[in-house]
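The values are calculated or read from the model by the stated rules, or taken from the named source; none is laboratory data. As the structure is a prediction and not an experimental result, all values here were calculated from the model. Here Cβ is always computed from backbone atoms with ideal geometry, including for glycine, and neighbour counts include all displayed protein chains.
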Amino acid sequence: MMTVKVRYENNVLMPLEKLDLADGEEVEIEIVKSNADRLIGLLKDIDMDSVDLQHAARDMWVRKVVSD
């Protein structure tokens with residue numbers, strides 16, 4: 001198994017590093033958004049000042065990591 005970061009541009013996934021694959025080789029991929037995107041999704045409806053937001057983000061992240 002290989003983990004590679006990619007950037008999505010113009011409906012194409014572009015690897016951010018060289019891949020050890022032959023031209024025409026088919027692979028399966030699993031799309032996993034970055035941890036920052038996950039955190040933003042969890043916090044999108046919260047209205048707090050920055051200190052409260054930082055504490056809420058930390059607490060939510062710890063609960064998520066512990067539950068995985």
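Structural remarks
- Scanning the stretch 1-10 for residues that are out of contact with any strand residue (DSSP E or B) (no Cβ under 9 Å at 6 or more places or on another chain) and either part of a strand (DSSP E or B) or not hydrophobic (A, V, I, L, M, F, W, C) (or both) yields Thr3, Glu9, Asn10.
- Condition met for Leu13 (modelled with pLDDT of 90 or more, in a loop (DSSP other than H, G, I, E, B) and out of contact with any Phe, Trp or Tyr (no Cβ under 9 Å at 6 or more places or on another chain)): no
One line per residue, one yes/no per condition, for (1) in contact with a Ser or Thr (Cβ under 9 Å, 6 or more places away or on another chain); (2) closer than 24 Å to Lys5 by Cα; (3) in a loop (DSSP other than H, G, I, E, B); (4) modelled with pLDDT of 75 or more:
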| residue | (1), (2), (3), (4) |
| --- | --- |
| Leu19 | no, yes, yes, yes |
| Gly24 | no, yes, yes, yes |
| Lys33 | no, yes, yes, no |
| Gly41 | no, yes, no, no |
| Ile46 | no, no, yes, no |
| Asp52 | no, no, no, yes |
